[in-house]
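K.L.:
Sharing a structure with you now.
No value in this document is a laboratory result; all are computed from the given coordinates. Just so it is clear, the structure is predicted and the values come from calculations on it, not from any experiment. Cβ placement follows ideal geometry from the backbone for every residue including glycine, while neighbour counts extend to all protein chains displayed.
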Amino acid sequence: MSGFDTGGRLVAGSHNRNEFVVINADDIARVKSVKELSGQICQICGDEIEITVDGEPFVACNECAFPICRPCYEYERREGNQACPQCKTRYKRIKGSPRVEGDEEEEDVDDLDNEFDFGSNNWSNAHHIAEAALSARLNVGRGSQADASWASLPSNLDSSSQSPEIPLLTYGQEDAGISSDQHALIIPPIMSRGKRVHPMPFPDSFNDAVQPRSMDPKKDLAVYGYGSVAWKERMEEWKKRQNEKLQVVKHEGENGGGNYDGDDLDDPDLPKMDEGRQPLSRKLPIPSSMISPYRLIIILRLVILGFFFHYRLLHPVPDAYGLWLTSVICEIWFALSWILDQFPKWLPIERETYLDRLSLRYEKEGKPSELAPVDIFVSTVDPMKEPPLITANTVLSILAVDYPVDKVACYVSDDGAAMLTFEALSETSEFARKWVPFSKKFNIEPRAPEWYFSQKIDYLRDKVHPAFVRERRAMKREYEEFKVRINGLVSIAQKVPEEGWTMQDGTPWPGNNVRDHPGMIQVFFGQNGVRDVEGNLLPRLVYVSREKRPGFDHHKKAGAMNALVRVSAIISNAPYVLNVDCDHYINNSKALREAMCFMMDPTSGKKVCYVQFPQRFDGIDRHDRYSNRNVVFFDINMKGLDGIQGPIYVGTGCVFRRQALYGYDAPVKKKPPGKTCNCWPRWCCLCCGSRKKNRKMKPKKEKKKIKHRETSTQIHALENIEEGIEGIDSEKSSLMSQTKFEKKFGQSPVFIAATLLEDGGVPLGASSASLLKEAIHVISCCYEDKTEWGKEVGWIYGSVTEDILTGFKMHCHGWRSVYCIPKRPAFKGSAPINLSDRLHQVLRWALGSVEIFLSRHCPIWYGYGCGLKWLERISYINSVVYPWTSIPLIAYCTLPAICLLTGKFIIPEISNYASIVFMALFLSIAATGILEMQWGGVSIDDWWRNEQFWVIGGVSSHLFALFQGLLKVLAGVNTNFTVTSKGGDDGGFAELYLFKWTALLIPPTTLLIINIIGVIVGVSDAINNGYESWGPLFGKLFFAIWVIVHLYPFLKGLMGKQDRLPTIILVWSMILASLFSLLWVRINPFLAKGGIILEVCGLNCDD
């Protein structure tokens, strides 16, 4: 937990307007300056003086107690005159601070880890870099010294030579896994802070700055503490810690970390660590008995498509040339779409995690948990459309997750600045004090109370605790009372007062104007004294509403998520981030551990940018009429992508690596250096010499390209084994000056310092008041101006489907993603189950794809020469091209009706060869689907619903999205389709029959009507003309019935309730069908062009 503290009050402010308001629920709200929120103020830099572990303010001078903060105290001792500015007394070393030349001996102070230090010039330490960054901006009282502090950051690191990867040496012995030229002398701990022993890779100028203790060789070493009993005991303890850490390095140093031999280590925990050394996850390839026939069928289908198009192109229909040409164009497009969709499924895999190994590795008995902290983002906008009770259940499931409480922070983004959401979250925080200990005590699943209590299972089956039944009943009563309070807040919020909402203390709610309000932050949990009813700590819970002002583009959900990225970096700065929608609760309390099996895996975790979980849904009808579950996509397509470079990001249920969100490139695995030998004749190495020459002859363009990549490349350092936060890569900071940092990340020095901490943690040297000020600053409406936020950093702007763009950019940076499907679904949410809402959801997704297609980020032409694999690129191309399929799909679905009405067909008279080709094509399509269902574990019902809704969405939502996207991108016209409800309550699945008028319903209804009319006309014509006309009719009828069957769920949605069939839908559809029929009669009537043809009657009427 960091020092960020709001005192349990709502903090609202605007950085641009220099406003900072602390609203107390008990006292009258008042405006405070940042300094009034602080305690003692440093007289040098003006910062707040920290509170020590003893709860007392830091005192630098014991003589006069002149107020100076610790950073200034250490700076004066290291760089200044080492004396108090007021009484001129020389500073003594305080525990926790490094020793400097001239300090007295202290035998009674056991502070080995901090006594010896390189000083602040040890830029391999993450906190030192962060302090340097902060001192340049926050410590304003230093004047030129502050500027010099920042300027010194890159100056020591501009050396072109990079420090080699050198593993830790054991104390007093050499490691066999390290080559002789990499060994270093064991120097006194004065040179290395007592934690790491490295060769000195730094420049000479850097070594000059290190001031070792001067020792008189005539004196006994015991005088200086060396060789004494106390010294030996301290060193033995230190060596023991080093050996323990070395064991971890031995089984974690996967890339260039050296080969270690652990046979000489006597550790009683070694057998247990053997299991911990194993990988935390593994790939499970699809069995060859399934995947080999699948690939064979794909190749065979390609061959059959070649024969099919060969026949179609060489056999036109002269009397229906227009119909033939249209059908061939549509079929070519469908074939290309199938290829784009099919080949990313060439290498499907599944994955398996080992949670027990994760615990053995990072949760050792008797020691604090070493699992990485996680910040969890929950986004909501309108509490009237997203019920607060649903959001509350999501938050409760997060707070009760099976993860160390000090490593979980939940941030709720209220982008609508609704007081209803704030009050509901306040009620949720109170109920969480009872719910969290109950759910953890009895290990219940799921830990969202609404869904837990609604389960229709025998909850006594596996529960033998005698108090369970009693406490469960009591908790259910508590939850029912909680629901009453939440629903009461919702009913009150239905009518907004004219003067706006006011808080309990009479203060006007800062967010009364949704489009013009300051940023707001409230920390509910995560402060001292806030515990559950059993006295246990609770995860941090923070309410955030970013600032909004007229005239600014706030970028909807993507902008809100970026604001959460920044404010969370100020408050907790966890190295991993989980984002969920407000209606997606955690269904599996071990979901975070599942993700950490990939993120924290020492063999492959460093290149993983995010772990995507599949979306699973509650409350969907058994038949899933409108394919809301999207099972084919999540269980077939995503598994295929996981075998290439990873699944695409779907907007929720995803754990990110924070460094990947900052726009850095993935770490590049370095190849081990080649071995050379002098024992072979020189002529044996001629080929090697020629290779070296060829390597030197690199094209200039390639060198420029590599140089360009270096500006954003993040080179990961060796696995650090210090107890604190691991060191960050010094080269990253050396490549970017202060100006570049600010241009990329914005004007917040605290946030910039946080971005340098690869493994998270809050930067040192910032006071609580400064953090409050910076937290308000980073959520201001103009913070992103002239930065790379939304372009290269964070969630990417430019599309309503920011999820596809964000994942695409990460894959372009060389990262890979992972698809995790636990046995118990990690997350569950709600989906729109009525037809109109479902079509609007698909419309939004398709519109985002059209926007990406028409932008510079289109995967067809963006990101070449980077880390994106070509099969992954094909999948992204398919994700932005599919809305364009709506045009040929509508044309193809119209052709059957035209053929039936005109008596013509799109193919000539079928020969035996054509029959074989057509039959082979249909069989290959069916075989492909069957094999996909087999290895994907998808039922035939789900597969068929997906096929049906592909047609329904293609002829409605995709078409509207295409035209809306073209108008928006090319003409700047925003077109919104409003939805008005016309339904009521009808039992368990009442929403399924709820009908809402929308223009999206007109195209599929029109297609249904004209195809039904065509079938009626065709059958009637065949009956009138006799037996011979039935043969040519079968092909046309099959074609039309294919369209009607695919649109059947849509027809069922219209006709499911006869008393609710909207007249306007029928009127518009009949009008369009009539106009189409009349237009066709005018263009190509049934009668011949030359007029009526009279034939001689075959009957002799005279007889």
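K.L.:
Where q = 0.14, 0.19 Å⁻¹, what log10 of I(q)/I(0) comes from the Debye formula for the range 545-592, counting one point per Cα?
P.N.:
One equal scatterer on each Cα of the range 545-592 leads to -0.48, -0.79.
K.L.:
For the residue pair residue 533 and residue 313, what label-to-label distance in nm results when each label sits 7 Å from Cα along the Cα-to-beta-carbon direction?
P.N.:
Using points 7 Å along Cα→Cβ, the separation is 7.5 nm.
K.L.:
What is the diffusion coefficient of the range 383-444 in µm²/s, taking the Kirkwood radius over Cα pairs and the Stokes-Einstein relation at 37 °C with a viscosity of 0.692 mPa s?
P.N.:
264 µm²/s
K.L.:
With a bin width of 10 angstrom, please list the P(r) values of the range 784-938 as percents of all Cα-Cα pairs, from the 0 bin to the one holding the largest distance.
P.N.:
Going out from 0 Å in 10 Å bins, the range 784-938 shows 8, 21, 30, 24, 12, 4, 0 percent.
K.L.:
A follow-up question, please. Between beta-carbons, use under 13 Å as the cut-off and find the net charge around residue 872, counting Lys and Arg +1, Asp and Glu -1.
P.N.:
Neighbourhood net charge equals +4.
K.L.:
Net charge near residue 490: determine it from the other residues with C-beta under 13 Å of the C-beta of residue 490, scoring Lys and Arg +1 and Asp and Glu -1.
P.N.:
Here the charged neighbours net out to 0.
K.L.:
Could I ask something else about it? Be a star and scan the range 293-329 for residues whose amide nitrogen sits under 16 Å from the point 7 Å along the Cα-to-Cβ vector of residue 916.
P.N.:
303-312
K.L.:
If you take the alpha carbon radius of gyration of the range 883-952 and divide it by 2.2 N^0.38 Å, what ratio comes out, to two decimals?
P.N.:
1.42
K.L.:
Take residue 300 and residue 43, extend 7 Å from each Cα along the Cα→Cβ direction, and tell me the distance between the two endpoints in nm.
P.N.:
Taking the two extended label points, one gets 9.0 nm.
K.L.:
Give the separation of the Cα centroids, the range 615-668 to the range 736-801, in Å.
P.N.:
27 Å
K.L.:
Is the C-alpha gyration tensor of the range 504-592 telling us rounded, prolate or oblate? Criteria: a/c under 1.5 is rounded; beyond that, a/b larger than b/c is prolate, otherwise oblate.
P.N.:
Judged from the Cα gyration tensor, the range 504-592 comes out oblate (a/c at least 1.5, b/c at or above a/b).
K.L.:
Past 21 Å, Cα to Cα, is the threshold; run 744/809; 557/606; 440/557 against it and keep the listed order.
P.N.:
557/606; 440/557
K.L.:
In percent, what relative contact order does the range 449-605 have, based on Cα pairs under 8 Å that are 6 or more apart in sequence?
P.N.:
11 percent
K.L.:
How much FRET efficiency would the formula 1/(1 + (r/R0)^6) give for residue 355 and residue 52, where r is the Cβ-Cβ distance and R0 is 41 Å, rounded to 0.05?
P.N.:
0.60
K.L.:
Here's another thing I want to ask about it. Quick check: the distance between the Cα centres of the range 528-593 and the range 402-420, to the nearest angstrom?
P.N.:
4 Å
K.L.:
Give, in nm to one decimal, the length gained when the segment between residue 887 and residue 1023 is fully stretched (0.36 nm per residue of separation minus the Cα-Cα distance).
P.N.:
Full extension of this stretch gives 45.5 nm more.
K.L.:
What do you get for GluC sites (Glu not before Pro) in the range 315-374 restricted to DSSP loop and a cutoff of at most 13 other Cβ within 10 Å of the site's Cβ?
P.N.:
Taking the range 315-374 and a limit of 13 other Cβ atoms within 10 Å, the loop GluC sites (Glu not before Pro) found are 365.
K.L.:
On to the next question. Efficiency by 1/(1 + (r/R0)^6): what FRET value for residue 855 and residue 334, r their Cβ-Cβ distance, R0 = 30 Å, to the nearest 0.05?
P.N.:
Given R0 = 30 Å and the Cβ-Cβ separation, E is 0.70.
K.L.:
Once you have a ≥ b ≥ c as the square roots of the Cα gyration tensor eigenvalues for the range 479-526, tell me rounded if a/c is under 1.5, and otherwise prolate or oblate according to whether a/b is larger than b/c.
P.N.:
Oblate, since a/c reaches 1.5 and b/c is not below a/b.
K.L.:
Further question on the same structure: Compute the FRET efficiency between residue 669 and residue 442 as 1/(1 + (r/R0)^6), taking r as their Cβ-Cβ distance and R0 = 30 Å, and round to the nearest 0.05.
P.N.:
It comes out at approximately 0.10.
K.L.:
Here is a further query. So for the pair residue 64, residue 86, with labels modelled 7 Å out along Cα→Cβ, what separation do we get in nm?
P.N.:
0.7 nm
K.L.:
Would you kindly work out the equivalent ellipsoid of the range 756-869 from its C-alpha gyration tensor and give its semi-axes, the square roots of five times the eigenvalues, largest first in whole Å?
P.N.:
With the √(5λ) rule applied to the range 756-869, the semi-axes are 31, 22, 19 Å.
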